[in-house]
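Presented below is the structure to which this report refers.
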Amino acid sequence: MTTTRTGRWTGRTRRAVQAAVGVLATVTLAAGCAAGGPAQSGGSTGEPHDGGDIVFLIDSLGDTWIPNNSSISSFQGHIWGHVADKLVYVDQEGTVSPWIAESWEQNDDATQFTLHLKDGVTFSDGSPLDAPAVVQNLDTWAFGRPDEGISPVGLFPKTYDRAEAVDATTVRVHFDAPTLGFVPTLGYHGSILISPKTLDRPAEEQADLSNDIGSGPFVVESWKEGDSVVLTKREDYDWGPEAVGHTGPAYLDSITYKLVAESSTRAGAVQAGQADVAYNVPPQELASFKDQGFVVDVPRYLGFVNGYRLNTRVAPFDDVLVRQAFQHGIDRDEILSTVYTEDWSAAESLIQSNVPEATDHSAEFAYDPELAASLLDDAGWEEGPDGVRTKDGDRLELTLYPNPYLATSKAIDELVAQQLGELGFDVGIQAYDVVTYGERVSDNTSLSNYEVTRSFIDVGTVASILTDASNGEDWFGLGESDPRTNDLRDAVAQATDLDERAKAVDELQAYLLQEAYFAPLTQIVQRIYVQNPRLQDVTYNGVAYASYYTAWLED
């Protein structure tokens, strides 16, 4: 059953919703108008000005609005980025600058940090965004309330001990081990500042987006579950990050996020002038949009590349030789030339090359089908009459699960299945929608592999996911069984010097790839935007979310 929850409806809200509804009403027209080109602007002053409503077509809105549980979603992160602020701003190059925290300092061993907050910031319910509010947010990110269905934020430092309000605008944060990455991680898209009145609510009430109050430049005017979210400008907003060149209220009047599942419909609606932004258009269509004068943005985020984490506890990847054969059996150049465009790059390691500590380890997993076949031979897998290898009566088979957060994932998995099939793997593909994928695939320890990419702001958070130490995510099913991984994990997590940490990260990358715990594919452009050329001054942060806070529409 579809649930509708709405907030206050204004004339502006109604116009925005009507525009979004019009997208669906003209699906057939939009899909057939590819040759029409974008609406052309005229008489632009070239200077930002107030006014205008935009419609953003998105392929999912996720399955919950509980802030902690939804804030790292590739879809809901778009809404949170406009409704809520962060303590610091992190740009596409990973540069950290002040936002709600005007300044900060740390002690010598990076176990204590002091944050100095802007005075006068308020949530949209009128309550102050002061030191006690920040302390409550930090506690919520670190611990959640799991017994009530509110999860901790996954990449928030697990070394967090406590925070205290020194005075109304000063917060002191304590860790039980060195945590160099704490301040950058405050710019992660899970670290959204939410009103204590919201945080005090039970999970069921937090799941109602109209109850989720932030301090951002937009507020939620209305939302309809599984359909749309309408945001309108907050007139008294005056504390944007200086790094984006604007601190006052947004220029746009409203943003409507409308769920449209089919990529061809999203693309056609923008081409026909029925919407302003189409999210996750297939890469093969981008050249045509560019030729027609649309703006195409493919920001690359800081984080892991796209690839497969291989579960060492589940056959056939409980054998390092099979894992290495899997790595060397994937032709990444064919993936780039078939699925992607010149905007994409081959993976050089398990983390993106724009991460400051990334180093090139591509030789560890380079395409080499002869080597891959030899590794399978050495592992005892013999080719059968149907071309599928067998060992002790078992077939060399596995299933790939396309990542629904990544528009190109199914096409990539189909290519990988063909490539591995030539080596004697029997590869199946099981595709799910976002909700079902979360239920059946995400963190399912019974699966032999799990396609993953993950943004992060600071490389120090990498260590927290590799094993099960301190409630880590244990990506590869290692637990604490691999002493070398444990040592390198701890060296990264506990470093008190950036150069020392960079050396440990280099060694960690090399080791994980040599052991074939991870099979990289390509550097990730997870968020693809096709936009109306009238829409000016869109910005992108370190995790590649589009912000329309500084955006405006040409006349």
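The values are calculated or read from the model by the stated rules, or taken from the named source; none is laboratory data. Not measured: the values here are computed from a predicted model. Cβ placement follows ideal geometry from the backbone for every residue including glycine, while neighbour counts extend to all protein chains displayed. Heads up: the accessible areas ignore ligands, DNA and RNA and are worked out on the full protein's heavy atoms, side chains in. Shrake-Rupley method; radii C 1.70, N 1.55, O 1.52, S 1.80 Å.
Pull up the DSSP beta bridges for the stretch 355-454 and report the antiparallel fraction as a percent, rounded to 5.
50 percent
Expressed as a whole percentage, what fraction of the accessible surface of the stretch 437-483 belongs to carbon and sulfur atoms when a 1.4 Å probe is rolled over the protein heavy atoms?
Exposed carbon and sulfur together represent 41 percent of the surface.
How big is the accessible area of L138 in square angstrom, nearest 10, if you roll a 1.4 angstrom probe over the protein chains?
In the full protein context, L138 sits at about 0 Å².
With label points built 7 Å along Cα→Cβ from the Cα atoms of E439 and T95, find their separation and express it in nm.
It is 4.6 nm.
For I330, what residues show an amide H to amide H distance below 5 Å, using hydrogens built from the backbone and excluding near sequence neighbours?
For I330, whose amide H was placed from the backbone, the distant partners under 5 Å are D368.
Run the accessible area of the stretch 217-322 with a 1.4 Å probe and give the carbon-and-sulfur part as a rounded percent.
Its accessible area is 43 percent carbon and sulfur atoms.
Mind checking the full-extension length gain between E383 and R484? Use 0.36 nm per residue of separation minus the Cα-Cα distance, one decimal, nm.
Length difference between fully extended and current span is 32.9 nm.
Per residue of the chain, what 222 nm ellipticity follows from adding -39500 (n - 2.57) for every DSSP H run with n ≥ 4, rounded to the nearest 500?
Result for the chain, helices only: -7500 deg cm²/dmol.
For a Förster distance of 30 Å, can you work out the FRET efficiency between the beta-carbons of T341 and D537, rounded to the nearest 0.05?
With a Förster radius of 30 Å, E is 0.75.
From the phi angles alone, apply the Karplus equation (6.51, -1.76, 1.60; θ = phi - 60°) to the stretch 306-315 and give each ³J(HN,Hα) in whole Hz, x where the residue is Gly or Pro.
Couplings: 7, x, 10, 8, 9, 7, 5, 8, 10, 5 Hz.
Using a 1.4 Å probe over the heavy atoms of the protein chains, calculate the carbon and sulfur portion of the accessible area of the stretch 86-140 as a whole percent.
45 percent
Provide the per-residue ³J(HN,Hα) series for the stretch 389-404, in order, calculated from phi with Karplus coefficients 6.51, -1.76, 1.60 and θ = phi - 60°, each as a whole number of Hz, with x at glycine and proline positions.
6, 9, 8, 6, x, 9, 8, 7, 10, 7, 10, 9, 10, x, 7, x
In this model, which of K224/K290; K233/K410; K86/K233 are farther than 28 Å apart at the alpha-carbon?
Violating the 28 Å limit, Cα to Cα: K224/K290; K233/K410.
Under a Cβ-Cβ cut-off of 15 Å, what is the net charge of the residues other than E93 that fall near it, where Lys and Arg count +1 and Asp and Glu count -1?
Result for the local shell: -2.
Out of the DSSP beta bridges found with both residues in the chain, what percent are antiparallel (nearest 5)?
Bridges in the chain that DSSP calls antiparallel: roughly 85 percent.
List the relative contact order of the stretch 254-355 as a percent without decimals, with contacts defined as Cα pairs under 8 Å and 6+ residues apart.
Relative contact order for the stretch 254-355 comes out at 26 percent.
How much accessible surface does D537 have with a 1.4 Å probe, in Å² rounded to 10?
Spelled out: D537, probe radius 1.4 Å, area about 80 Å².
With a 1.4 Å probe and every protein chain left in place, tell me how much accessible area S464 has, in Å² to the nearest 10.
30 Å²
Relative contact order for the stretch 387-450 using alpha-carbon pairs under 8 Å, separation at least 6, rounded to a whole percent?
39 percent
Just to be sure I understand the model, the point goes 7 Å from the Cα along the line to the Cβ. What's the resulting S288 to E500 distance in nm?
Reported label-point gap for S288 and E500 is 5.6 nm.
With an 8 Å cut-off on Cα pairs and a minimum separation of 6 or more residues, tell me the relative contact order of the chain in percent.
22 percent
Restrict the search to the stretch 406-514; then list the trypsin sites (Lys or Arg not before Pro) that DSSP places in a loop and that have at most 11 other Cβ atoms within 10 Å of their Cβ.
none
If you stretched the chain out fully between V320 and D109, how much longer would it get, using 0.36 nm times the residue separation minus the C-alpha to C-alpha distance?
72.2 nm
Report the extension gain between S362 and R313 in nm, rounded to one decimal, defined as 0.36 nm multiplied by the number of residues separating them, less their alpha carbon distance.
15.1 nm
Can you give the accessible area per residue of the stretch 221-366, in Å², using a 1.4 Å probe?
Ligands and nucleic acids excluded, the figure is 33 Å² per residue.
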